[in-house]
Every structure is written in C-alpha cells, then in structure tokens.
Amino acid sequence: MAGGRGKQDLAGQQGEVYPAALRYLARREYGEQELAERLLRRGAEPAVVEETLMRLREQGYLCEARFAASRVRQRRDFNRRGRSAIRAELYSLGVDTAVVEQALQEEFDAETEKQLLTSLAEAAAAGLTRLPDAQARQRRLQSLQRRWLAHGFPPGDVYEAIRAAAAAVSEEE
C-alpha cells in the first residue's frame, strides 16, 4: 500500500491501472494531466498510463471539455471564485486554452460573474451592519476587497461592489 490511506501501489500491478483510473473517475471528473499524475504517483508505468488515458478517452470516460465545465461550475457555485482564478487553475491543470475559454463562456460569462460578486456584496453589507463602529466596518470592507481580488474577480467590479456595500451600510445608519 502507498500513501497511508489504503491506496493500492500500482508498481508491479499494471493491470490495475485502468480499474484504478475508473475508480477515480467514478467519484468526479478529472483532467487528463491530473489523472495521469495521480496514477504515476501510485507507481503506474508512464506507457501504461498513456494507454489507459487513450482508452478512457475513446470510451468517453475522460473528456477535457466536460472536466473544465464541471470545474468551472464547482468553483463558481461552491468556492465563489472569479473567472480569472478559475482560468488560472485550469491552465495549471494542463487544460488547453481553447477548452478553458469555451467552458468559461458556456458556464460562467462575465455578466454571471458580476451577479455573483453583487450577491456577495449584498451579503457582506448585511453583515457589516452588525459591526460595532465605522472603523471595524472599514477593516472588514478592506478584507473583503482583498479576498475578492485574490479569488479572481475583476478589480473594477470588486471596487464597485465594495462601494455598493459601503453605501448600503451608510443608508441604514
């Protein structure tokens, strides 16, 4: 066993590479590079991994476009990330530029991104009213601004959302 989590070491058991890959894909979508790296870390031979990936592609179990779309939805809906952060993550996972851009266009266009940021700002504004003073609210707004920028939202949209949240709090005072 490798890794301490009960995962089978694939070195010397190359016939188990394909079933292991299927088990990974049964849990979630994987990009080709990510799946290959997992199998190689477990001791699979590079030639067997390449053969396995080809077989999985041919059978429709492995699809970069499906993986990219799935990752975009997951990062948008659960992690609340902006398009640039998602784009960078997919690039780092070896997904082709055209596939990434297609997934972003289909799953998370710029208008949807702006709507997500607006909803985050509205929720933040509600939380700001519970803070004890203007200085605490200002620190919280600065923290939110840094977070949203780090999460890949466009700077202009972030600044607009921060101004809107600050204005909403000012109206309630």
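The values are calculated or read from the model by the stated rules, or taken from the named source; none is laboratory data. These figures come from a predicted structure and were not determined experimentally. For neighbour counting, all protein chains shown are included, and Cβ atoms are generated from backbone atoms with ideal geometry for every residue, glycine included. Ligands, DNA and RNA are excluded from the accessible area calculation, which covers all protein heavy atoms including side chains. Shrake-Rupley method; radii C 1.70, N 1.55, O 1.52, S 1.80 Å.
Observations on the structure shown:
- FRET efficiency, 1/(1 + (r/R0)^6) with R0 30 Å, evaluated for ASN79 and GLU171 via beta carbons: 0.50
- Cα-projected label distance for TYR24 with GLU50, points at 7 Å along beta-carbon direction, nm: 1.7 nm
- Accessible surface, region 108-173, averaged per residue in Å² (probe 1.4 Å): 59 Å²
- With viscosity 1.306 mPa s and temperature 10 °C, the Kirkwood radius over alpha carbon pairs of the chain converts through Stokes-Einstein to a diffusion coefficient of 85 µm²/s.
- Inter-part distance where region 144-166 and region 28-60 are each reduced to a Cα centre, Å: 39 Å
- Based on Cα contacts under 8 Å between residues 6+ apart, region 1-80 shows a relative contact order of 31 percent.
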